[in-house]
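The values are calculated or read from the model by the stated rules, or taken from the named source; none is laboratory data. Everything numeric in this text was worked out from a predicted model, so none of it was measured. Here Cβ is always computed from backbone atoms with ideal geometry, including for glycine, and neighbour counts include all displayed protein chains. These accessible areas exclude ligands, DNA and RNA; they are computed on the full protein's heavy atoms, side chains included. Shrake-Rupley method; radii C 1.70, N 1.55, O 1.52, S 1.80 Å.
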Amino acid sequence: MEMTYLEAIRQGIREEMTRDSGVFLLGEDIGVYGGAFKITSGLLQEFGEKRVIDTPISESAIVGAAIGASLMGLRPVAEMQFADFITCGYDQIVNFAAKCRYRWGAAVPMVIRAPSGGGIHGGPFHSQNPEAWFVHTPGLKVVAPATAPDAKGLIKSAIRDNDPVLFFEHKALYRRIKEDVPDGDFTVPIGKAAVVRQGRDLSIITYGAMVHVARESAETLEKEGISVEIVDLRTLAPLDEDTVLASVRKTSKVLLLHEDVLTGGIGGELAGRIAEKAFHDLDAPIVRVAAPDTPVPYSPPLEEAFLPNAAKVTERARWLARY
Amino acid sequence: MSAPAVLQPETDMHTDRGLALQALRYMATMREVEDRIERKLYRQGKIVGGVYVGRGQEAISVGVGLSATPDDVLCPSHRDLALFLIRGVDPRQIFAQYMGRVGGLTRGKDGNMHMGDISRRIVSIISAMAASVPVAAGAALALKYRGTQNIAYCFFGDGATSRGDWHEGLNFAAVQKLPVVYVCNNNQYAYSTPLTKQMACANVSDRAPGYGIPAEIVDGNDVFAVHRAAQRAAGHARSGAGPYLIECKTFRMTGHSAHDAAEYVPQSLWDEWKEKDPITRLEKKILEKRWAKREEIARLHAGIRQEVDAAIEWAEKSPYPDASELLDGVYERS
């Protein structure tokens with residue numbers, strides 16, 4: 001069935017709530033109002049106040065309560081209204097949830113949904129891509145779907161997972177993409193990347209909204225005779241190193257692309273692993289395209305300059321292809 | 001745990017005598033275990049890292065712990081060792097935990113009181129003060145969600161009540177009318193920081209009405225008073241009326257941790273609170289009420305010392321974790 005990225009997330013949540021009575025939602029404005037982005041619209045009416053909980057503005061309480069409930073065997077799905085505000089629950093996530101299994105063998109089957117990313121004129125407090133903070137924390141799983149089917153399949157897998165999962169959903173994709181999504185019990189495994197476009201000359205490794213930027217760039221480059229392979233990571237932790245390295249070995253040139261800022265972004269980690277494990281397969285230096293090391297600016301010309309786009313990727317990819 | 005016959009676990013906890021003898025057994029065991037940890041094994045270098053004990057505060061975890069039912073959830077602070085004993089954790093496991101051995105509750109992945117056991121419904125201590133407060137709300141939410149009559153107990157010190165998590169957690173639980181009993185051990189110091197630098201109100205309990213939560217102040221060194229307050233609080237929470245806060249006034253009869261001589265505490269406070277030692281007080285009451293004889297209490301202590309000796313011996317024989325375990329347990333399958 002064709003649906004938007006947003007509808008796909010909602011359908012995934014709804015199916016899991018139907019399937020498992022232990023799945024419940026908590027967050028700010030998610031019930032009566034249906035969520036700031038309307039992801040949870042209609043779920044209060046369908047499942048009732050017990051399972052769709054409107055909370056105070058208390059990110060740390062939302063995350064902490066989700067952890068407590070998950071320790072008791074429930075499967076909470078907590079919503080951060082914007083991924084930017086996840087900082088207010090950061091301690092609960094990195095100091096407690098992430099360490100429970102390692103420290104004392106306790107499972108925390110919790111999902112935190114975090115609407116992230118720019119391109120919606122949200123400015124410095126409503127546009128960030130904070131995924132790398134959590135990729136750096138052992139014990140957390142971090143997923144970032146790029147497509148409607150992956151959004152549905154990954155939210156379902158995240159809810160069923162017995163470890164804490166951070167689900168970064170890109171705000172700019174919510175209503176922008178509409179795709180065919182399989183009906184019913186369809187999941188996408190956590191920890192598996194996907195080669196979403198086959199190519200010979202270079203690989204673009206990316207995730208989230210940048211997958212669509214990479215596709216646009218690849219079409220332009222194809223007309224110039226440059227064949228681009230695209231790997232959509234889908235999960236950022238644990239990283240699917242095998243799929244990344246296989247693509248690098250195939251094309252021998254790699255461009256790492258993310259909307260997150262350059263320094264400390266996942267691109268640096270990927271570059272490190274590729275250099276360590278596939279150095280002799282490379283025919284050119286590793287190229288990174290990412291946002292500059294600034295806050296996300298508000299004014300449209302500034303935001304446009306900040307965000308990676310197809311033109312920027314194409315330019316760097318041409319250089320890489322010619323190398 | 002073994003103890004002389006007269007002080008074996010009482011089946012009838014509803015009599016004052018039963019409660020007193022049961023409480024004494026746990027309080028004295030907690031004191032003995034922690035004295036060995038703080039004043040022996042740490043100084044011998046057999047325990048490395050941080051050591052935080054509840055010397056002088058034993059009546060709180062025992063008074064509350066004995067009022068909880070086995071399916072209630074406990075979220076202890078780092079000064080509530082007796083909660084683990086009451087839930088059946090063996091002193092052997094506690095010493096092994098402190099010594100970083102595989103026999104400890106975390107198999108050496110963590111140390112000291114930073115342990116938990118979900119099978120016993122004890123949520124691990126979180127080192128960031130007050131972080132347990134929202135977590136307890138979530139545990140209570142799950143108990144209510146499942147339609148049980150069980151409740152969650154959340155323990156913290158006075159210092160923890162300054163953190164945002166404390167306020168977020170209390171507010172969330174109050175709004176949701178969750179069955180949580182908050183137990184504050186107000187021991188007057190957070191590490192070296194006295195209450196006057198921690199808060200501008202006189203009591204921690206003064207903070208509760210702002211969240212619509214009833215609160216009471218109790219003598220934290222009187223195990224009977226604590227137990228009665230815990231029962232009132234539990235009754236309130238179990239009835240569906242929402243959270244309840246007990247502020248136990250007490251004193252930390254040692255430093256913040258084993259390396260801290262606590263010279264910042266005036267001598268007059270040490271002298272004043274030595275007189276109020278909860279174990280001495282309970283023993284005095286037991287003797288006055290003729291619930292046990294002096295020799296029986298002496299035999300109890302001797303039995304605990306023997307048990308603790310054996311527990312330490314066991315823990316020292318428990319192996320250290322093999323370095324190959326380093327990567328285990330980060331994820332469900334890793």
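Computed quantities for the displayed model
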item	result
Whole-number percent relative contact order across chain B, with pairs defined as alpha carbons under 8 Å at least 6 apart	23
Aspartates and glutamates whose Cα lies under 13 Å from that of A:Lys152, excluding same-chain neighbours fewer than 8 positions away	A:Glu2, A:Glu7, A:Glu15, A:Glu16, A:Glu169, A:Glu179, A:Asp180, A:Asp183, A:Asp185
HN-Hα J in Hz across segment A:200-208 - Karplus 6.51, -1.76, 1.60, θ = phi - 60°, x for Gly and Pro	10, 8, 7, 10, 9, 9, 7, 6, x
Gained length - B:Asp322 relative to B:Ala241, 0.36 nm times residue gap less alpha-carbon distance	24.2 nm
Pairs from B:Lys40/B:Lys293; A:Lys171/B:Lys177; A:Lys192/A:Lys223; B:Lys177/B:Lys285; B:Lys40/B:Lys144; B:Lys144/B:Lys276 whose Cα-Cα separation, in the structure shown, is over 32 Å	A:Lys171/B:Lys177; B:Lys177/B:Lys285; B:Lys40/B:Lys144; B:Lys144/B:Lys276
FRET efficiency, 1/(1 + (r/R0)^6) with R0 56 Å, evaluated for A:Thr220 and B:Ser119 via beta carbons	0.45
Shape of segment A:1-127, Cα gyration tensor, a/c cut at 1.5	oblate
Lys/Arg +1, Asp/Glu -1 at C-beta; the protein assembly as shown dipole; positive extreme among B:Ser318, A:Phe125, B:Gly242	B:Ser318
Rounded accessible area of B:Ser192 (nearest 10 Å², 1.4 Å probe)	60
Amide H within-cut-off set for B:Thr193, under 5 Å, with H built and near neighbours excluded	none
Pairwise label distance in nanometres, B:Cys201 with B:Arg146, each label 7 Å out on the Cα-Cβ vector	3.3
Test item: Cα-centred dipole of the protein assembly as shown, Lys/Arg +1 and Asp/Glu -1 on Cβ, debye	1200
Solvent-accessible area of B:Asp309 with every protein chain in place, 1.4 Å probe, in Å² to the nearest 10	80
Most to least packed among A:199-205, B:213-219, A:124-130 [average Cβ atoms within 10 Å]	A:199-205, A:124-130, B:213-219
Cα→Cβ-extended label distance, 7 Å offset, between A:Asp242 and A:Met1, nm	3.4
Neighbour net charge for B:Pro321 - beta-carbon separation under 10 angstrom, K R +1, D E -1	0
Residue-span extension gain [A:His136 to A:Val195] - 0.36 nm each, minus C-alpha spacing	18.8 nm
P(r) tail fraction, chain A - alpha-carbon pairs more than 26 Å apart, %	45
Set of aspartates and glutamates with alpha-carbon distance to A:Lys312 below 20 Å, sequence-local pairs under 8 removed	A:Asp201, A:Glu216, A:Glu219, A:Glu222, A:Glu224, A:Glu229, A:Asp232, A:Glu259, A:Asp260, A:Asp293, A:Glu303, A:Glu304
Hull volume in cubic angstrom per residue (convex hull over the Cα atoms of segment A:64-113)	61
Partners for B:Lys317 among lysines (Cα-Cα distance below 16 Å; same-chain residues under 8 apart left out)	B:Lys46
Residues A:Asn162 and A:Val32, FRET efficiency given R0 of 30 Å [Cβ-Cβ distance, rounded to 0.05]	0.45
Gyration tensor verdict on segment A:194-322 (Cα atoms; rounded if a/c is under 1.5, prolate if a/b is larger than b/c, oblate otherwise)	oblate
Shape box of the protein assembly as shown [Cα atoms, principal axes, largest first, Å]	97, 53, 45
Inter-probe distance in nm under a simple model that places probes 7 Å from Cα toward Cβ, at B:Glu288 and B:Asp90	3.9
Calculated FRET value between B:Gln44 and A:Asp293, using beta carbons and R₀ = 45 Å, to 0.05	0.35
Relative contact order (percent, whole number), segment A:2-180, Cα cutoff 8 Å, 6+ residue spacing	28
Shape category assigned to chain B from the gyration tensor of Cα positions, a/c cut at 1.5	rounded
Averaged over A:101-111, number of beta-carbon atoms from partner chains that fall within 10 Å	6
Mean ellipticity per residue at 222 nm, deg cm²/dmol - from DSSP H runs of n ≥ 4 across chain B, formula -39500 (n - 2.57)	-12500 deg cm²/dmol
Listed peptides B:296-302, B:286-292, A:209-215, A:287-293 by packing density, highest first (mean Cβ within 10 Å)	A:209-215, A:287-293, B:296-302, B:286-292
Protection-proxy order for peptides B:277-283, A:181-187, B:58-64, each taking the mean of Cβ atoms within 10 Å per residue, highest first	B:58-64, B:277-283, A:181-187
Per-residue mean of C-beta atoms belonging to partner chains within 10 Å, peptide B:164-172	6
Local electrostatic count at A:Gly123 - Lys and Arg +1, Asp and Glu -1, tallied over other residues with Cβ under 14 Å	-2
10 Å Cβ shell holding at most 13 others, DSSP loop, GluC sites (Glu not before Pro): longest site-free stretch of chain A	A:50-223
Contour minus Cα-Cα distance for B:Ala310 and B:Trp270 (0.36 nm per residue)	11.2 nm
Inter-centroid distance (Cα atoms) of segment A:232-278 relative to segment A:55-83, Å	31
